[in-house]
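Working notes, beginning with the structure itself.
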Amino acid sequence: MGRANPPVWQGANLNFIQIEHHNSSNKPMEPIGILQEFNSCYVKIQAIAQDENWLLLIADKKIDPEAATHVGDTLHYLGEVMGCVEEIVEVKFNQEAE
């Protein structure tokens, strides 16, 4: 009896993934909370971008090399967004410090 092949992912149909709502108190997030969430995403994506298995997938051309570009773009734009939110956090922090 041979081993069954694992299922092969055939496309980008990710409708089965549900995104959890992390704000369980139903209160609007403060700018510092928003910045922390973006930063958390950035750190996780950066870890993937530097992961040996990810790099091997690209090097072995098992996935489109453009994927590395897309991950780099994602990190760039997350960094840009964090910079914008950071400005708000700094203004609020300075106002509270006065």
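For the stretch 37-93, rounded, prolate or oblate, judged on the Cα gyration tensor with a ≥ b ≥ c (square roots of eigenvalues), a/c < 1.5 rounded, else prolate if a/b > b/c?
prolate
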Using 7 Å Cα-to-Cβ label points, what is the Asp60/Ile34 separation (nm, one decimal)?
4.2
DSSP loop trypsin sites (Lys or Arg not before Pro) in the stretch 35-79 with at most 13 other Cβ atoms within 10 Å of their Cβ, which ones?
Lys61, Lys62
In the stretch 22-67, if the dipole is taken from +1 on Lys/Arg beta carbons and -1 on Asp/Glu beta carbons about the Cα centre, which of Asn53, Cys41, Ile63 is farthest to the positive end?
Cys41
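Computed from the coordinates by the stated procedures, all read-outs in this text should not be read as laboratory data. Model, not experiment: these values are computed from the prediction. Methodologically, a virtual Cβ is constructed for each residue, glycine included, from the backbone with ideal geometry; neighbour enumeration extends over all protein chains shown.
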